[in-house]
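Derivation of every value follows stated rules applied to the coordinates shown; laboratory data play no part. Values in this document were obtained by computation on a predicted structure and should not be read as measured data. Using ideal geometry, Cβ is built from the backbone for each residue, glycine included, and neighbour counts are taken over all protein chains shown.
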Amino acid sequence: MDLAVCFGGSSMPTYHLVYKILLKDRASVTAVRKAQAVFYENTQDELNQSKSFVVFGVEGLIMDIETNTRFDSKRQPEMPDL
């Protein structure tokens, strides 16, 4: 399936590397941002920063058919400060 059709057309940049980082807590975001700044500084000649980004989110189980785990709104992550 060509995701470019669904999310912005054929001019979308291609991402060659994706990391998933599991954070200990919300305070860890500061450490990630500091590491990101150092990474960008050290790769400014090799990396097109306009096509690079970091996304933060909270992972939650919605449903798992294999284990017969059905949707339950009480189990979902809460983000009261958003």
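If R0 is 30 Å, the Cβ-Cβ spacing of Leu47 and Leu22 corresponds to a FRET efficiency of close to 0.80.
Taking a ≥ b ≥ c as the square roots of the eigenvalues of the Cα gyration tensor, segment 17-82 is classed as prolate, since a/c reaches at least 1.5 and a/b is larger than b/c.
On full extension of the chain, what length is gained from Leu61 through Arg33, given 0.36 nm per residue of separation minus the C-alpha to C-alpha distance? Could the numbers behind the result be given before it?
Working: separation 28, 0.36 × 28 = 10.08 nm, distance 2.65 nm.
The span from Leu61 to Arg33 would gain 7.4 nm if fully extended.
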